Every structure is written in structure tokens, then in C-alpha cells.
Amino acid sequence: MRDLNRRGVIGLVGGAAAWPLAARAQQSAMPAIGFLNFQSIETIGDLLRAFRQGLKDTGYVEGENVAIIYRFAENQIGRLPELAADLVHRRVAVIATSGGPPSAFAAKAATSTVPVVFTINEDPVKLGLVASLARPGGNLTGINFFNAELVTKRLELLRELVPGAARIAVLVNPTNATTTATTLQGVEAAAPALGLQLKILNASTSGEINAAFAELARDRADALFVGGDAFFFIRRVQIVHLASRHGVIATYSSRDYPEAGGLMSYGTSLSDAFRQAGVYAGRILKGAKPVELPVVQSSKFEMLINHETARMLSLTVPPSLLSVADEVIE
């Protein structure tokens with residue numbers, strides 16, 4: 001079944017096969033939600049649970065009164081258009097997209113009539129997905145969770161963590177042009193005022209991540225800033241392991257990294273963003289139109305510090321950071 005899922009066929013989720021769910025949906029007129037994601041099902045299990053919780057908050061439970069048809073691109077951006085078109089062909093009531101701008105763009109290109117709820121880390125107005133936050137227009141609305149816009153704050157926290165840092169490496173994914181551009185604009189604008197020199201490292205494959213850390217070790221940068229990229233999220237265990245192996249002080253965009261052993265993160269709560277996306281999908285199933293649903297800008301931010309990792313790095317975390325952290329992992 002996993003091999004089927006990796007070809008974009010409906011996967012096995014929560015112990016219930018989606019094929020039977022789809023069949024029951026046809027037999028009983030159960031509404032169906034299309035879930036389109038750039039990543040793989042194994043990497044976003046917690047976020048899927050948050051999405052389903054949002055649906056439950058509006059009265060919908062998968063397998064009881066709503067079906068979810070999952071389509072995962074398995075990190076192949078080029079497959080998103082065909083997967084989006086397939087969901088439209090299956091006459092889903094709403095498409096929920098996640099995994100960055102490419103998923104939202106694919107859904108937008110596939111339909112101008114099926115409602116689309118995106119979960120995205122970029123300004124959807126700037127991207128041209130909606131006309132405005134208050135009045136989206138068209139058939140798209142969703143959740144903007146700001147991680148790309150929090151670059152400056154993350155860099156400031158990194159400098160507070162390592163006051164003597166002068167050379168910072170920045171890891172970005174060149175194939176995700178939109179998010180990379182926002183990240184680089186943010187760090188390049190903030191670096192001079194903080195007295196930092198930047199070294200840009202590019203990686204879009206697992207092998208390139210390994211190569212980037214090898215270069216980082218050779219250059220002996222003082223710290224690493226990992227861009228808030230969907231591919232890096234997928235490869236977070238690899239990145240955290242390499243940072244530990246090379247003794248690298250690093251900052252990340254979401255709590256999932258410190259939970260996997262990374263040092264520090266600051267960003268929007270992704271679980272809360274996905275829950276809100278589930279709420280919007282449920283409201284649309286109840287009859288709401290995307291034009292009536294303003295884009296939600298996430299307001300729940302969180303900072304995590306893995307104190308055990310800090311000790312392994314022989315790093316003393318300033319009390320000022322420990323006191324404001326939402327969670328300190330011991």
C-alpha cells in the first residue's frame with residue numbers, strides 16, 4: 001500500500017483505506033475533500049491530525065460524514081498539476097493544499113470553480129493567489145502562517161543565542177524560488193545591523209544537504225540559519241543529525257526540529273495553521289464560499305529550545321531566552 005501511495009494513489013491513513021472511503025462517498029453522497037500536498041504522508045502525520053481536528057470542530061469526521069482523498073507529490077513539484085487535475089476530475093467539494101506555494105498554484109491552475117483552502121508560508125496577495133486578505137475573491141482562501149516573514153526575528157534570536165557570532169551560513173532550497181527569495185531578502189536586510197556576514201548554501205536533494213554541511217564544516221561558520229522550506233521540513237531528521245554530528249549551532253522555523261533534536265526554533269504553530277485549514281474546509285462543506293472567508297493570518301507563534309542539545313554543543317543558553325521560550329526540552 002505504501003508503494004501505491006508514493007505514486008500519488010490514495011494512501012492508507014488513520015487505519016482506514018481511502019479507496020473504500022471514496023466508494024462509500026459515491027454510494028451515500030458523502031462529501032469528499034481533496035488533500036493536495038507536495039510532501040509525503042509519512043512526514044506530516046501530526047499536521048494531518050490537526051487538519052482532521054479542525055474538520056471535527058465543524059462537525060465532520062473522516063469516514064463518518066466526509067471522505068478525504070489524499071494526493072501526495074512525494075517531493076516532486078512537477079507532479080502537482082496532474083494530481084490537482086485528478087482531484088477536480090473526482091468532483092471533490094473542496095481542495096485543501098499544503099506544502100508551500102507550488103501546491104496552491106497547482107490547485108488554482110486546475111480549477112476556477114472548486115473551492116480551494118491553502119495553507120501557505122508566503123503572502124498570498126503578493127503571490128497573486130487572492131485579491132486581498134479581507135476579500136480573497138475567486139475560489140481561493142486559506143491560512144497564511146508567516147514563517148517566511150519571521151526571518152528577521154529568527155536571525156535576531158540566533159544572535160542573542162550566540163552573541164559572538166559573526167559568520168552565519170544560510171541554508172535555502174533553490175528549487176523553491178518564492179520562499180528562498182523571501183528568506184534571502186530577510187536575512188540580507190537584517191544582517192548588516194547585526195554585524196553578520198552571510199554564507200548562502202543551496203540544497204534541493206538529500207545529497208546536496210550532505211554536501212552543504214560538509215562545506216559548512218570546512219568554512220567553520222559560527223552558526224546555521226535553516227530556511228523555512230517544505231523540503232527541509234521533510235528532511236529535518238537528516239538536517240538535525242548533521243548539525244549534531246558537525247557540532248553546528250542552528251536555528252529552525254518550526255518546533256518539529258527541536259523535537260527531533262535540533263537546537264532552537266521560532267515560528268508559527270503549524271499544527272494550529274492546519275487545524276484552522278480544517279475549520280475552513282468544514283465551513284465550506286456547510287455552504288460558505290471562499291469569497292466570504294477572509295485569509296486567516298496565524299497569530300500563534302512559538303519558540304522552542306532543546307536544552308539537552310545545547311549542553312551537547314557546550315553552549316550556555318542565555319537566561320533571557322530560556323525565560324521567553326514557550327517550551328524548553330530537557
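In table form, for the structure just shown:
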{"item": "Cα long-axis angle, helix 236-245 against the chain (0 to 90 degrees, to the nearest 10)", "result": "10"}
{"item": "Separation of the Ala189 and Lys300 label points, Cα + 7 Å toward Cβ, nm", "result": "2.8"}
{"item": "Under 12 Å, Cβ to Cβ, from Pro101 - net charge with Lys/Arg +1 and Asp/Glu -1", "result": "-1"}
{"item": "Charge tally in the Cβ shell below 13 Å around Ile209, where Lys, Arg are +1 and Asp, Glu are -1, Ile209 excluded", "result": "0"}
{"item": "Amide hydrogen neighbours beyond the local backbone of Gly142, cut-off 5 Å, H modeled", "result": "Phe118, Val295, Val296"}
{"item": "With Cα atoms, 0 to 90° folded angle of helix 80-89 axis to the chain main axis", "result": "20"}
{"item": "Three principal axis lengths of the range 83-220 [C-alpha, angstrom, descending]", "result": "55, 35, 19"}
{"item": "For the range 249-263, 3J(HN,Hα) per residue [Karplus equation, 6.51 cos²θ - 1.76 cosθ + 1.60, θ = phi - 60°, Hz, x = Gly/Pro]", "result": "7, 9, 10, 10, 9, 8, 4, 4, 5, x, 5, 8, x, x, 6"}
{"item": "The range 125-209, relative contact order in percent, only Cα pairs under 8 angstrom and at least six apart counted", "result": "29"}
{"item": "Under 5 Å, built H, 5+ apart or other chain: amide partners of Ile95", "result": "Gly34, Val116, Val117"}
{"item": "Point-charge dipole on Cβ atoms (K/R +1, D/E -1) for the range 116-248, about Cα centre, debye to 20", "result": "180"}
{"item": "Sequence-separation-based contact order of the chain, relative, with Cα cut under 8 Å and 6+ spacing, percent", "result": "19"}
{"item": "Helical mean residue ellipticity (222 nm; -39500 (n - 2.57) per DSSP H run of 4+; nearest 500) of the chain", "result": "-12500 deg cm²/dmol"}
{"item": "Degrees between helix 206-219 axis and first principal axis of the chain (Cα, 0 to 90, nearest 10)", "result": "20"}
{"item": "Simple label model, 7 Å out from Cα along Cβ direction - Gln53 to Thr175, nm", "result": "3.1"}
{"item": "Val125/Val291 FRET efficiency (R0 22 Å; Cβ-Cβ; nearest 0.05)", "result": "0.90"}
{"item": "For Lys300, distant residues with modelled amide H under 5 Å away", "result": "Ser269"}
{"item": "Rounded D (µm²/s) - the chain, Kirkwood Rh over Cα pairs, Stokes-Einstein at 37 °C, 0.692 mPa s", "result": "161"}
{"item": "The chain - share of DSSP beta bridges that are antiparallel (%, nearest 5)", "result": "15"}
{"item": "Around Ala325: net Lys/Arg minus Asp/Glu count, Cβ-Cβ under 13 Å", "result": "-4"}
{"item": "Under-20-angstrom lysine pairs by C-alpha in the chain, whenever the two are 8 or more apart or on separate chains", "result": "6"}
{"item": "Order by protection proxy (mean Cβ within 10 Å, highest first), peptides 262-272, 280-290, 154-164, 206-216", "result": "262-272, 280-290, 154-164, 206-216"}
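Each value in this text was obtained by applying a stated rule to the coordinates, not by laboratory testing. Small disclaimer: the values here were computed from a predicted structure and weren't measured. Here the Cβ is made from the backbone with ideal geometry for all residues, glycine too, and neighbour counts use every protein chain on show.
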